[in-house]
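Undergrad: Below you'll find the structure I mean.
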Amino acid sequence: MERKFYRWMLVPAFLFLTAFIYYPVLRGSVMAFQNYNLFDLNQLRFNGFDNFKAVLSDPHIRFAQILFNTAIWLFGSLFFQFVLGFGLALLLKKPFAGRGLYTAFVFYGWALSGFAIGLTWAWLFNGQFGLVNDMLIRIGLLSEPIGFLSNPNLAMISVIIPNIWYGVPFFGIMLLAALQSVPNELYEAATLDGAGSIRKFTSVTVPYVKPTIVSTILLRTMWIVNFPDIIYAMTNGGPVNRTNILATQMINKVFKEYDYGQGSAIGLIIMILLFAYAMLYLRMTEKKGGDTL
Amino acid sequence: MKHPMTILLVLCTLLLVLSPAFAAGTKEEASGPVTLTFVETMTSPSRTAQIQELIAKYEAQNPNVKINLVSPPYEQADNKLTLMLNSNQELDIIEVRDHTVKQFVNNNKLVDLTDYLKTWDQGDDLLPLTMTAATTVNNTPYLLPQFFFVKGLFVRTDILAKHGFTTMPKTIEELYKMSIAITGKAANQYGFGFRGKGSAFKISDILILSDVDNINVDNIYKTTDGSFAFSSPAARKAVAAYVDLYKKAVPSDGINWGFNEQVNGFISGTTPFLVQDPDTVSMVAEALDPSQWTVIPMPVGASGKTYLDYGFAGLGIPSTSKHKDLAWDFISFMVNAENNADFCRAYGPLPVHTSTYANDPYFSSGVYKSWEIEMSNPATYVFVKYPLDNPKYPAWAQVQEQTMQSLLLGSTTVDQAIKSWEDYWK
C-alpha cells in the first residue's frame, strides 16, 4: 500500500524530466538524421547519416582538429582546475582571519557567465592594449607584445587560462566540504603512529575524499566539454580552427548556418563520447572501491 | 486520507510541471484596445529607447492601439525570432534583415506587401535601392527596409597629418600605400583597421574584388561572363596585395579582430583607417573630437569602381498576424520620411527616402556627405548583392574565415585559397 503511494509521488519528477530533458534529447537525436535546416523547412525528410558524413568529412573545418582541440581543452582545463582547486581547499581548511571574505573573493569567478568572462579575458589578452602583454613586458619576459589570440599555437592556452580561473572555485568548494568531513581523530591517530604530513595526506585525506574526487571530476568533464561560451567570446573557434571544439562548432552550425540537422549530429556525437567516457571512468574508479577506514 | 500534506505537495508539483501547457495566454477581447506585438532584432539600449519614443507617438495618435515591443538581446535575437515564427506565435510586426528574409520567405512566414506599397502615398519617395532591397526575394516586397548599412572609410585626419599626409586616398592602391607608410611597429603605430573574424569577408571582398572590372551586380562572386570572381588575374593580384597589407600595416593580432577591436584601434589611433558602416559614427563621435576624424567615400579599385554591398533591415508582417492592416499602418508610420530621418539621425545608418537626402542637411553634409556621394553616383559606387538565396551562403562565413586566416598566416598559398573558394561555390 505504502509502496504504491511512493511510486505515485515520483510522477511529477518523472514528468518534469521527460518534458525538459528526455523529450528534447529524443527530438534532437531525431533531428540529427534529418535535413533540418531553417533556411528551408519545406523539404524536411530523413537523410540517413548524411549529416554525420558532412560533419566528419568537412574539407574546410577538419573534424580531427576539432576532436583534438576538445581533448586539449578538456584535459588542460581539468588538470589545473583540479590541482589548483584541491590546493585551495587544503589552504582554506584551517580557519584564519578574513577567511570568509577571502573565500568569497576566490569563488566569485564561478558566479559569472562564461560569455562575460570570455569578453573580459579577450581584452586582457589583446595584442596591443592587453594587460597580460603589458605586465609581461614590464617584468622583462617580453620585449614586444604578442598576439595571444591570433597565434594558432598560443590561442588554445589563452582560452584555457580563463577556464581554469573559472573552474577552480567548483573544485575548491566541493573538496573543501569533503576535507572538512574527515574526522580529526584519524589525523591524531596517524600522528601518534608517527606519520609525517605527506603520509597523512596520502593515507588519510585522499582515501576519505576519493568519492568526492571521482564524482567532481566526472561532472566537470561533462561541463567542460559542453562549455563553448569562453571560446566563443574570445576567438570564435579561430584562428584557423585551432580553438574550435565540438560545442563551439555545434553553435556555429545552429546559430550561424541555421543547420539544426548537422548541429544535432554534433550534439549526438558529444553525447555518445561523453557516455562512453562516463562508463569507462566509472568502471575504472569502481574497482578500487570507496575506502572507509 | 493518508499523508494529506504529502499529497497536497505532490499535486502542487504536478500542477507546476504541467503549467507550461496552459501558458498559451488568453485570447484578446473583441472590444477595447488592440495590442500589436513588435519584435526587434538589432537590439541596442539607445535604439530601443528611440523605438519606444516612436511607439509612444503612434499610440498618442491612435488611442485604440497598443504596441508591445519585444527586444531580445542582439546576439540571440534573430534566432529567437526564427523560433517564435516557427512556433507560430502571434506576432504582428517583425524586424527582417538582409540575411533572414530568404529564410522567412522559404518557410512562408512573411506577407507580400505589394498592395500595401501600391496604395502608400510615400511609396514613390523611396530610393530605387530601397525597392531593390525590399524585393530581394522572388522580386516581391516582403519587407519595407528602414535603413541601409553601407561601408565608408573612416579616417583619423590628425594621425595622417602627423605623418605628413594631407590628401585622402582615392584608390585602394593609395590606401594600402599610405597604411604601409604610416606603420611604425616600434611606436605601436599601424595603418589599417583590419577585420579578422566575424563576417570579415564583407570588408575584404570590397577591397579585393573592386579591382575586377566586370563583377555581376546580382552576385558579387561572379563576373558578367559567368566565371568565378576570384579566379580572374586582377583578383589574384588583389588577394596577394591584401595579404601584403596584413603583413605590413596590421598588427599580427589583427587576425582575431572583431568589430570592437577595429573600432578600438581607430579611436585609440593605432589604426587610422577604418572601413565601417554609418552606425559606427555615433560611437566614434562620442570618443573623438570632430577635428580628429572624418569619413570619405570608399576608395575605388583598379576597375575605377568600388563594389558596395548594402546591408539592410526593415519591417515585415508575419503571415500569422491577425491585424495585418493595422500592422501596415504602424509600419508605414515608422518608416515615413520624417520618422525614418529622425530615427536614422539618432541611430546612425542611412535613411531610405529620396527626399531625406535632398532636404535634410544632416544627411547631405559633414561625414554623411560621403555616403550621400556613394548613394548617388552609381557609375562609380556600384551596389552588388551577395548570393543570399544560395543554400551554401550561411556556411560561407566560417569557410572563408578559415581559408583567409590560413592564407594570412602563411599556411596556404594565394592559389590554393582561391581554388578552395572556387570549389566551394561550384
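Undergrad: Using a Cα-Cα cut-off of under 13 Å, which aspartates and glutamates could be cross-linked to B:K197, ignoring same-chain neighbours fewer than 8 residues away?
TA: B:D253, B:E261, B:E401
Undergrad: What is the mean number of Cβ atoms from other protein chains located within 10 Å of the Cβ atom of each residue in peptide B:248-258, rounded to a whole number?
TA: 6
Undergrad: Explain nothing, just compute: Karplus ³J(HN,Hα) = 6.51 cos²θ - 1.76 cosθ + 1.60, θ = phi - 60°, for every residue of the stretch A:259-269 in order, whole Hz, x for Gly and Pro.
TA: 9, 5, x, 5, x, 5, 4, 5, x, 5, 4
Undergrad: Here is a further query. Provide the per-residue ³J(HN,Hα) series for the stretch B:246-256, in order, calculated from phi with Karplus coefficients 6.51, -1.76, 1.60 and θ = phi - 60°, each as a whole number of Hz, with x at glycine and proline positions.
TA: Using θ = phi - 60°, the values come out as 4, 5, 9, 10, 10, x, 4, 5, x, 4, 9 Hz.
Undergrad: Also: Find the centroid of the Cα atoms in the stretch B:220-274 and in the stretch B:125-155, then give the distance between the two in whole Å.
TA: Between the Cα centre of the stretch B:220-274 and that of the stretch B:125-155, the gap is 25 Å.
Undergrad: To the nearest µm²/s, what D does Stokes-Einstein give for the stretch B:270-395 at 37 °C and 0.692 mPa s, using the Kirkwood radius over alpha carbon pairs as Rh?
TA: It diffuses with D of about 192 µm²/s by this estimate.
Undergrad: Shifting gears a bit: Which Cα, out of A:S197, A:T243, A:V106, lies furthest along the positive dipole direction of the stretch A:63-288 (beta carbon charges, K/R +1, D/E -1)?
TA: The listed residue farthest towards the positive side: A:S197.
Undergrad: Now, a different point. To one decimal place, what orientation-averaged projected area in nm² is obtained for the convex hull of the Cα set of the stretch B:122-267?
TA: The number I arrive at for the stretch B:122-267 is 11.4 nm².
Undergrad: Quick one: dipole size for the stretch A:175-293, taken about the Cα centre, charges +1 on Lys/Arg Cβ and -1 on Asp/Glu Cβ, in debye to the nearest 20.
TA: 280 debye
Undergrad: Same structure again: Enumerate the amide H contacts of B:Q146 below 5 Å, restricted to partners 5 or more residues apart or on another chain; note that Pro and chain-start residues carry no placed amide H.
TA: B:A313, B:G314, B:L315
Undergrad: Could you tally the net charge around B:N340, taking each other residue with its Cβ under 11 Å from the Cβ of B:N340, Lys/Arg +1 and Asp/Glu -1?
TA: So the surrounding residues net to -3.
Undergrad: Averaged across B:400-410, how many Cβ atoms of other chains sit within 10 Å of each residue's Cβ atom?
TA: 4
Undergrad: For the stretch B:48-141, build the convex hull from the C-alpha positions and give me its volume per residue in Å³.
TA: 137 Å³
Undergrad: Within 10 Å of each Cβ in A:235-245, how many Cβ atoms from other chains are there, averaged over the peptide?
TA: Shielding by partners across A:235-245 averages 5.
Undergrad: Quick one: give the max-minus-min coordinate of the C-alpha atoms of the stretch A:183-293 along each principal axis, largest first, in Å.
TA: So the extents along the principal axes, rounded to whole Å, are 66, 29, 20.
Undergrad: Continuing with the same structure: Report, by chain and number, residues whose modeled amide H sits under 5 Å from the one on A:Q34, excluding near sequence neighbours (fewer than 5 apart, same chain).
TA: Excluding prolines and chain starts, which carry no amide H, the hits are A:N47.
Undergrad: Cα centroids of the stretch B:163-179 and the stretch B:31-90: how far apart, whole angstrom?
TA: 44 Å
Undergrad: Under a Cβ-only charge scheme (Lys and Arg +1, Asp and Glu -1), can you give me the dipole magnitude of the protein assembly as shown about the Cα centre, in debye to the nearest 20?
TA: Using Cβ point charges on Lys, Arg, Asp and Glu, the protein assembly as shown gives about 2840 debye.
Undergrad: Given C-alpha coordinates of the protein assembly as shown, what is the ratio Rg to Rh with the Kirkwood estimate of Rh?
TA: Rg divided by Rh gives 1.01.
Undergrad: Right, another one. Hey, can you grab everything whose amide H is under 5 Å from the amide H of B:K66? Only 5+ residues off in sequence or another chain; H modelled, so Pro and N-termini drop out.
TA: Residues meeting the criterion, in which the H sits 1.01 Å from N, are B:V34, B:T35, B:L36.
Undergrad: Could you point to the residue in A:G87, A:T70, A:Q43 farthest towards the positive end of the stretch A:1-98's charge dipole, with +1 and -1 charges on the Cβ of Lys/Arg and Asp/Glu respectively?
TA: Of A:G87, A:T70, A:Q43, it is A:G87.
Undergrad: Using alpha carbon centroids, what distance separates the stretch A:238-261 and the stretch A:189-237, in Å?
TA: Comparing the Cα centres of the stretch A:238-261 and the stretch A:189-237, I get a distance of 30 Å.
Undergrad: Stick to the Cα atoms of the stretch A:63-288, pair each with every other, and give me the Kirkwood hydrodynamic radius in Å at one decimal.
TA: 19.6 Å
Undergrad: Using only the Cα atoms of the stretch B:235-339, what semi-axes does the equivalent ellipsoid have when each is the square root of 5 times a gyration tensor eigenvalue? Give whole Å, largest first.
TA: So the equivalent ellipsoid measures 37, 20, 15 Å along its semi-axes.
Undergrad: A follow-up question, please. Which of A:M284, A:F148, A:W165 sits closest to the plus end of the dipole of the stretch A:63-288, meaning its Cα is farthest towards the positive end, when Lys and Arg get +1 and Asp and Glu get -1 on the C-beta?
TA: A:M284
Undergrad: Tell me the Kirkwood hydrodynamic radius of chain B in angstroms, computed as one over the mean inverse distance between distinct C-alpha pairs.
TA: 23.6 Å
Undergrad: Right, another one. Please determine, in degrees from 0 to 90 and to the nearest 10, the orientation of helix B:337-347 with respect to the longest principal axis defined by the Cα atoms of chain B, where the helix direction is its Cα long axis.
TA: On a 0 to 90 degree scale, this one is about 70.
Undergrad: Once you list every other residue whose beta carbon is under 15 Å from the beta carbon of B:G410, what net charge do they have if Lys and Arg are +1 and Asp and Glu are -1?
TA: That works out to +1.
Every number here is computed from the coordinates shown, using simple stated rules; none is lab data. Everything numeric in this text was worked out from a predicted model, so none of it was measured. Every residue, glycine as well, gets a Cβ built from its backbone with ideal geometry; the counts of neighbours run over all protein chains shown.
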